[in-house]
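What follows draws every value from the coordinates through simple rules; no lab data is involved. Because the structure is predicted, anything quoted here is derived from the model rather than measured. With ideal geometry, Cβ positions are generated from the backbone for all residues, glycine too; neighbour counts draw on all protein chains shown.
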Amino acid sequence: MNSSRSCSLRGYGRKHDVMFDNYHEAMPTFTREQIDHLGDLARIALSDDEVERLQKELNVIAESIQKVQEVASEDVPPTANPVPLVAHLREDVAVTPLSQEEALAGAPRTESGMFVAPQILGGE
Amino acid sequence: MASTNELVKLSASQMAEKLKSGEVSSKELTQAHLNVIESAEPSIQAFLKISGDTALEQAEDADKRRAAGEELPELSGVPIAVKDMIVTKGIETTAASKILEGWVPPYDATVVEKLKKAGMPILGKTNLDEFAQGSSTEHSGFHPTNNPWDTSRVPGGSGGGSAAAVASFEAPLALGTDTGGSIRQPGALTGTVGVKPTYGGVSRFGAIAMASSLDQIGPVGRTVLDTALLHEVIGGYDERDSTSIPEELPKIVKAAREGQKMDLKGLKVGVVKEIGGEGFQPGVKARFDESLTLLEQMGAEIVEVGAPHFPYSLGAYYIIMPSEVSSNLARYDGMRYGLRVMPPEGVPQTAANMMAYTREAGFGDEVKRRIILGTYALSAGYYDAWYGSAQKVRTLIIRDFEAAFEKADVLVSPTSPTTAFKFGEQIDDPLTMYLNDVATIPANLGGVPAMSIPAGLSDDGLPVGFQFFAPQKRDDVMYKPAAALEAALNEKWQAPLWSNLKTPWLDSANQTVEA
């Protein structure tokens, strides 16, 4: 583990509205605080160096992609799937799923046929 | 009895003929490629994993099936390499990421099942930019891959491993995945053929998800006919992929064979005005223009078409793609498979902290960059301005394609603005790196099929790619002129482009294969 920064996973979402207070500006500018917060949201314990580098890079990238808003006018509908398809379901026929052993084969820790997770609640 | 070098330089369809006539067995053919892999890998490094033993078993099985008189597809017995973005049961699959190091999938991708059913031995798993994110294969979590044309240069990316393996004769065919150009741009930079099928034309079940609305598996080869044959093996409807098109594939192989007759009378070829201006090297433009002349000489009518929203596609792509990446890569949480890193002492040993430290240690720089950008683009209050706007641009790109295909049967452009660049040249400059895909991204946003074929060497002696686009679900439409152009270029050069490639690794690989 090369990160010197202690990880502070705040209750995500809580600080959301105040973190991005430049919403109404034409171009977003990423601050260190915002990158930190995005790291928390994305569950990546970014190191200080990474936060600094990402701040610079994302500002350059954001500036270049902001251009899409020039043509994204209200009368244009959005497209999610480029090839329109009607949702279809497969035949309702039972198939053999992975065995318990197969499903657990890649797990970092298992016990009695289950995944072992670190403590979920408390501790913070 | 044939020498390794003679065998591996054949096209896949020629290999198939020799297998059919009994002149060579699949085991011999597979062994010949394993010989080349052994001698080429120190300088090329196209593979992350070589599965020689299972490949030979699969080859023996293919030989038995043939001997038993089973009706087999044309490519039966021809070996293939698979990009490590596609899961293979029992063969380690990592997406070139430390976070999946050592993971052995308990199931096969649909395309891998189809390869096995067709009797195509799997030589190994090829290198890529981590989770297919990059245009040079320098972002692999394990090692870079070298371009066979100049080992101080990148093979393109993300599918640099598949392209380099095919270019260096380590494999006659390979599978790739293309989200923004990851099959076609490496094809251009290594002088090989790379095809991105229609979105939904080849099942994505078992392709490790990067950006689900853009990802597409496709064939890599040295000839247009070879990729067509492979396209028909892997394509078609799959009930396990909800975006799979529930229709028959068009007649792709037939179209490629038709193209080899070099008659394009009645075909309208549209040159996309918006691709190919500033930033495109003169050598790339020169080869593109020469190919246009050849198309015209074969009877095609060349027209110019406008696609006014294509200049916005790079921006839309760099919103949609990272957004989908941030969502798809949330699954790497250290719980069920892959890496787990516990927090250091002094930090609470919770599941949430474990995830954060696992992802910090397991993901590389480019992947983190995209996850953070995508997390921002999808966050409440920004979704409409970013993701929403990008999806609107996507509509405009699709309309541009529809309008262009009213004026032309196929569209064409250079595949990549430049030839292969040197290692390190662009790695610290994400924006320059992203521009590599400026000509390939519109096809992913529009869901249309597109392919790159070699168009000659630039003034720096490095390969240039020529790109064709066809309308959705009409992949056959681009195979015909692609095969025709390939034939015309080979006639002009009196040999395929690869005859200019220096292959010192083949000298040491050359030995007689036991019959």
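If you build the Cα gyration tensor of region B:437-510 and take the root of 5 times each eigenvalue, what three semi-axes come out, in whole angstrom, biggest first?
Each semi-axis is the square root of five times an eigenvalue, giving 28, 15, 12 Å.
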Exercise. Sort B:426-438, B:340-352 for me by packing, meaning the mean count of neighbouring Cβ atoms within 10 Å per residue, highest on top.
Key: B:426-438, B:340-352
Quiz prompt | Mean Cβ count within 10 Å, highest first, over the residues of peptides B:235-243, B:314-322, A:90-98 | solution = B:314-322, B:235-243, A:90-98
Exercise. For region B:50-102, state the semi-axes of the equivalent ellipsoid (square roots of 5 times the eigenvalues of the alpha-carbon gyration tensor), sorted largest first and rounded to whole angstrom.
Key: 29, 11, 8
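When 1/r is averaged over all different Cα pairs and the result inverted, which Kirkwood radius in Å belongs to the protein assembly as shown?
25.0 Å
For region B:24-74, what number results from the quotient of the Cα radius of gyration and 2.2 N^0.38 Å?
It is 1.33.
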Exercise. For residue B:126, enumerate residues with amide H under 5 Å from its amide H, sequence gap 5+ or separate chain, H modeled in the peptide plane.
Key: B:48, B:82, B:83, B:84
Quiz item: Going by how many other beta carbons lie within 10 Å of each one, how would you line up A:115, B:205, B:288, fewest first?
Solution: A:115, B:205, B:288
Quiz item: Among the DSSP beta bridges whose two residues both lie in chain B, what percent are antiparallel, rounded to the nearest 5?
Solution: 65 percent
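Can you pull the Kirkwood radius for region B:359-515, inverse mean 1/r over Cα pairs, to one decimal in Å?
About 19.4 Å for region B:359-515.
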Quiz prompt | Shielding by partners - mean other protein chain Cβ count within 10 Å, residues of B:383-392 | solution = 6
Quiz item: So what is the diffusion coefficient of chain B in µm² per second by Stokes-Einstein at 25 °C and 0.890 mPa s, using a Kirkwood Rh over Cα pairs?
Solution: 108 µm²/s
Quiz prompt | Set B:265/B:480; B:83/B:114; B:27/B:116; B:18/B:251 screened for pairs whose C-alpha atoms are more than 19 Å apart | solution = B:18/B:251
Quiz prompt | Under 19 Å from the Cα of residue B:254 - aspartates and glutamates, other chains or at least 8 residues apart | solution = B:17, B:74, B:226, B:232, B:263, B:409, B:475, B:476, B:486
Quiz item: For region B:170-243, what is the largest minus smallest coordinate of the Cα atoms on each principal axis, given in angstrom and ordered from greatest to least?
Solution: 34, 23, 20
Self-check item: Per-q log10 I(q)/I(0), region B:109-196, q = 0.12, 0.20, 0.21 Å⁻¹ (Debye; single scatterer per alpha-carbon; no solvent)
Solution: -0.31, -0.84, -0.92
Exercise. Looking at the protein assembly as shown, send over the antiparallel percent of its DSSP beta bridges, to the nearest 5.
Key: 65 percent
Quiz item: At residue B:422 and residue B:17, where each label point lies 7 Å from the Cα along Cα→Cβ, what is the point-to-point distance in nanometres?
Solution: 4.3 nm
Quiz item: Can you list, bin by bin at 5 Å, the percent of alpha carbon pairs in region B:1-114, starting at 0?
Solution: 2, 11, 19, 21, 20, 14, 8, 3, 1, 0
Quiz prompt | Anchor residue B:368: lysines whose Cα lies under 18 Å away (excluding residues fewer than 8 positions away in-chain) | solution = A:56, B:98
Self-check item: Ranked packing of B:439-450, B:265-276, B:99-110, most packed first, by mean Cβ within 10 Å
Solution: B:439-450, B:99-110, B:265-276
Self-check item: Peptide-level mean, for A:73-80, of C-beta atoms on other protein chains within 10 Å
Solution: 6
Exercise. Let me know the mean shielding of B:333-339 by other chains, meaning the per-residue number of their Cβ atoms within 10 Å of its Cβ.
Key: 5
